[in-house]
Amino acid sequence: MESMLVLNNGIETLPQFITSLAIGLLIGLERERNPSAKAGLRTFALVAMFGTLSALLSGKLGTPWLLIAGLLAVAGMIIAAYHNKPVEADEPGTTTVIALLLCYGLGAMIWFGLAKLAVMLAIAVTALLYFKPELRGMSQRLTRSDLVAVLQFSVLTFIVLPILPDQSYGPYGAFNPHQAWLMVVLISGISLAGYTALHVAGTRYGAPLLGFLGGLVSSTATTLLYARNSRNNPAMSQLAAAIIVIASMVVLLRLLVLSAVVAYGAVPALLPVLSGGFLFGLAVALYNWRKTINTTKLNIPETANPAELRTALGFGLLYVIVLLGAAWMQDFAGSRGLYAVALVSGLTDVDAITLSSLRLFNLGQLNEHQAVTSITLAFFANLTFKFGMVIFIGGKNLARYVAAGFGAIALGMLVGLVAL
């Protein structure tokens, strides 16, 4: 009797049904735009509410079969709709069928107290449905070797990483296999995201985005490419300088993200140094870009896929060597030894010494100031190396524009370091 009163008096359940209605309308709005879809705005809204109702009744009556029967009814309805009136051969309707079943499940989730997750999933589902052309284009642009590299990255991340021992070995307890490979996964993941976006977006969105994505993948490769282009076409010197400076500025953002993930305690000290360099460099990069010719042809930097096994293992080996070398030099020669390692290793790779310094900071072998200084010196060494490439490959004209940007970045970082 009490359960019937609750059921008849259940106005308090109205927010759940309103949420399921909103979810159904969101997904249905996208399907309504597809002429071949057999379910649109109203159908998806009703199915989501039906999922919530089925979950409610299933819970009140104490039987899960009612919820399962509702799912089967929705599946049978939409399959019958496509069977009775087929659409084009290249559009079998499987996407709409799955989306409708998901909508029913999301409605049920709302009743079981998972409204926030259901809303997040509904937004993700709608995005997947809406960006079908972009996703198809991205899959067609990726080569077979790219797909193999992504599969390798997935295996090494989700299969190998969990089984590596999470224990410190070697001198100073600095080498931890699980921790070392986690750093490889982190760097490869960030670089892979930039690599994929670079090949999907191409040059269609102009120099700023090209410099940003090039910096995510490899600022050195980006510098090399545009130094060559500038020598072959002196008219694009300012544009090339803008892209090179932006790519180097993005390295600062990479370092900030790495610090937040690996050693959050070091972020307050690193933030003024990295943000100072970024803001100072941004002013010069924007000035160079605004003075460029819009019709100048852009090229995508040639970079290896960062998820390839050889690339990942190479970075892992470099990270371990730099980590042990930094720990030994810090113990043997103090801060000067650490800074010498930072200068040498930073010439070609800033990530390894950054992660090594942050790892030693977490272990208590470096204080905050030592970690920040070593990262700053490594970045300065990397800037020097790239500026040398600009001079010898791009020529004096390009070097003049790049010097202003690199100088501004260095000045901003020094200001932050002095303030620290």
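The values are calculated or read from the model by the stated rules, or taken from the named source; none is laboratory data. Quick caveat: nothing in here was measured; it's all calculated off a predicted structure. With ideal geometry, Cβ positions are generated from the backbone for all residues, glycine too; neighbour counts draw on all protein chains shown.
Side notes on the structure shown:
- Residue within region 124-145 that is aromatic (Phe, Trp, Tyr) and not in a helix (DSSP H, G or I) present: yes
- Candidates Thr384, Thr354, filtered to the one that is out of contact with any Ser or Thr (no Cβ under 9 Å at 6 or more places or on another chain) and polar (S, T, N, Q): Thr384
- Residues located in region 327-348, provided they are crowded, with 20+ Cβ neighbours inside 10 Å and either in contact (Cβ under 8 Å) with a residue 60 or more places away in the chain or within 22 Å of Val217 (Cα to Cα) (or both): Ala327, Ala342, Ser345, Gly346
- Residue list for region 101-139, filter: of a type in the set (Phe, Trp, Tyr), within 15 Å of Gly28 (Cβ to Cβ) and at pLDDT 85 or above: Tyr104
- Residue among Leu347, Leu366, Leu323 that alone is outside any helix (DSSP H, G or I), assigned by TED's automatic domain parsing to the domain that holds Thr223, of a type outside the set (Asp, Glu) and closer than 18 Å to Ile187 by Cα: Leu347
- Search result, residues across region 156-171 that are at pLDDT 80 or above and part of a helix (DSSP H, G or I): Thr157, Phe158, Ile159, Val160, Leu161, Pro162, Ile163
- Beta carbons closer than 7 Å, at least 6 apart along the sequence or on distinct chains, pair a first residue in region 169-183 that is under 15 Å from Ala312 (Cβ atoms) with a second that is of a type in the set (Gly, Ala, Ser) for Ala180/Gly316; Trp181/Gly316.
- Residue in region 301-314 that is under 28 Å from Asn232 (Cα atoms) and without any contact (Cβ under 8 Å) to a residue 12 or more places away in the chain present: yes
- For the residues Val47, Val97, Val6, the requirement of being part of a helix (DSSP H, G or I), closer than 19 Å to Ala122 by Cβ, among the aliphatic types (A, V, I, L, M) and at pLDDT below 85 singles out Val97.
- Tallying residues that are in contact (Cβ under 8 Å) with a residue 60 or more places away in the chain and of a type in the set (Gly, Ala, Ser) within region 315-325 yields 1.
- Qualifying residue in region 239-255 (condition: touching a Phe, Trp or Tyr at 6+ places or on another chain (Cβ under 9 Å), modelled with pLDDT of 85 or more and surrounded by fewer than 18 Cβ atoms within 10 Å (Cβ to Cβ)): yes
- Matching residues, region 361-384, being surrounded by fewer than 16 Cβ atoms within 10 Å (Cβ to Cβ) and either within 19 Å of Ala408 (Cβ to Cβ) or free of Cβ contacts under 8 Å to residues at least 40 places away in the same chain (or both): Gly364, Asn367, Thr384
- Annotation note: Cβ proximity below 9 Å between a residue of region 111-131 that is closer than 17 Å to Met49 by Cβ and a residue that is exposed (fewer than 12 other Cβ atoms within 10 Å of the Cβ) and not β-branched (Val, Ile, Thr) (sequence gap 6+ or interchain) occurs for Ala115/Pro15.
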